[in-house]
Amino acid sequence: MCSKRYEIYIYTIYLICRTHSKTTIYYNMLSVTVTKMHNNNQAIAERLANEWRKHNSYTPVETEHVCSMERCNLQHIIGGLWSNGAEEHVCVRVLCKNHPKWANRGKLKKQIRNLYMCRSTGQHHLCNEQCSCTDVDHSDGGHVCRISGIRYDSVNSDTWFTNHRVTATHQENKDPLKLVRNTDFQVNADSSDTIRQQQHTFICKQKVSAILFSNDRLFMEQRKYVDMKIEAEKVVQKYIKTCEKKKQTVNYTHLIQLYINQMNRRHIFRNLLPKDDTVDNIIDKYARLTCRYWSLVIGRFPLGQTTPAIFPIKMFVVSILYIMKNGLCVGGVQVIPGDNYLLSVLPEANTLDAYGVNKPSFTACKNNILKAYREAVEMYQIPPRLLCLK
């Protein structure tokens, strides 16, 4: 009698041979073995179903009845096969009234756990990898049993859904099935990007969108305005009370100046949404630009080549945006041009935690970028013009 683990090994090897070696003697031998195991399980399931029928009332139907979990009242039962030398005992333990004393856990040779009984008709269903009562799950090609709800891989048809499953040994270098998607996960036949480049573009778009145009950003600017308004009102009230206490005349122009100065202590970005361009175009522009800077640092800078792990793409995107805001000049050459638009829309760096950015990691990544430029010029004598984007 085969153990459960042995059956799994046999069935796995059988599927491999079924796909690649249909004409070999090994496939024929394994096919016989798998058939015997399946027939043996079916025979045990039939005996367990007969025992259940003896203890439960049901109404047999003459017409063909197809069970499903939506229409039928199903009962899940667990049974087993015990063996003691030449003696064998098959039963559902909770129903067996004459269970032999020797039939204990040590004598249990096989346990049937996926047997389902229809309480209305008495029909039984043994659910396993060769289940015939399945529907195809179109999300990834798997098979779901209509009776038990158990999901199996598509072993019945042995088909490989290339439009759902893509495997690659070096996914950062190539797309093995030429299945190229854009960041909206739609097929783009004109693209030549690798899977890694597509992932980085998608991450960059998420980060740029979160920092510049997300609902969190709009809420932070509104909250900043409210907080500054409350502080300005406190300053005004304090000035008025001071004048009343000293019995001085309240200077209206000085009052307005105090209010304006307090409101201008923190810059409030009132025009985040662009008027002459679309939000999607701006996000796409800066996402691709930050990806190009990441590829430049990793591929051309000595620090990026030796320790690429200190430039994680999620932190690199945010860090390079803040460097691009004011630009970077090395050796009299502006290697990163300043960007007036980023200067006018990027939030304060001390509020980045509100957008899911870890501030210590952001600072460390930004310092590593500056270090990479500095070492490339000072230690490795690389001309600054070679450190610019083409």
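The values are calculated or read from the model by the stated rules, or taken from the named source; none is laboratory data. Computed from a predicted model, the values in this text were never measured in an experiment. Counting neighbours? That spans all protein chains shown, and the Cβs are built from the backbone with ideal geometry, glycine included.
Any idea which residue in the stretch 315-350 is nearest to LYS275 (Cα to Cα), counting only those that are crowded, with 18+ Cβ neighbours inside 10 Å and in contact (Cβ under 8 Å) with a residue 60 or more places away in the chain?
The residue in question is VAL345.
Let me confirm something: among TYR259, TYR239, TYR286, which residue is within 35 Å of the chain's Cα centre (by Cα) and either assigned to a helix (DSSP H, G or I) or modelled with pLDDT of 90 or more (or both)?
Only one candidate qualifies: TYR286.
Residues in the stretch 314-330: is at least one more than 29 Å from TYR225 (Cβ to Cβ), within 32 Å of the chain's Cα centre (by Cα), in a helix (DSSP H, G or I) and polar (S, T, N, Q)?
Among the residues of the stretch 314-330, not one is more than 29 Å from TYR225 (Cβ to Cβ), within 32 Å of the chain's Cα centre (by Cα), in a helix (DSSP H, G or I) and polar (S, T, N, Q), which makes the answer no.
If you scan the stretch 296-309, which residues turn out to be part of a helix (DSSP H, G or I) and within 24 Å of PRO383 (Cβ to Cβ)?
Residues satisfying the conditions are LEU296, VAL297, ILE298, GLY299, ARG300, PRO302, LEU303, GLY304, GLN305, THR306, PRO308.
Consider SER209 against the criteria (1) in a helix (DSSP H, G or I); (2) among the hydroxyl-bearing types (Ser, Thr, Tyr); (3) over 30 Å from TRP294 (Cα atoms): it satisfies all of them except one. Which criterion is unmet?
(3)
Would you mind telling me which numbered condition in (1) among the aromatic types (Phe, Trp, Tyr); (2) loosely packed, with under 14 Cβ neighbours inside 10 Å; (3) at pLDDT below 85 TYR152 fails?
That leaves (2) as the condition not met.
If you go through the stretch 70-114 one residue at a time, how many are in a loop (DSSP other than H, G, I, E, B), surrounded by 12 or more Cβ atoms within 10 Å (Cβ to Cβ) and free of Cβ contacts under 8 Å to residues at least 40 places away in the same chain?
Of the residues in that region, 6 qualify.
This table checks each residue for (1) within 26 Å of MET324 (Cβ to Cβ); (2) over 28 Å from the mean Cα position of the chain (by Cα); (3) surrounded by 14 or more Cβ atoms within 10 Å (Cβ to Cβ).
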{"position": "LEU212", "(1), (2), (3)": "yes, no, yes"}
{"position": "LYS245", "(1), (2), (3)": "no, yes, no"}
{"position": "THR249", "(1), (2), (3)": "no, yes, no"}
{"position": "TYR252", "(1), (2), (3)": "no, yes, no"}
{"position": "LYS275", "(1), (2), (3)": "yes, yes, no"}
{"position": "ILE298", "(1), (2), (3)": "yes, no, yes"}
{"position": "THR306", "(1), (2), (3)": "yes, yes, no"}
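Scan the stretch 359-369 and give yes if some residue there is in contact with an Asp or Glu (Cβ under 8 Å, 6 or more places away or on another chain) and either at positive phi or free of Cβ contacts under 8 Å to residues at least 12 places away in the same chain (or both), otherwise no.
Yes, the stretch 359-369 contains a residue that is in contact with an Asp or Glu (Cβ under 8 Å, 6 or more places away or on another chain) and either at positive phi or free of Cβ contacts under 8 Å to residues at least 12 places away in the same chain (or both).
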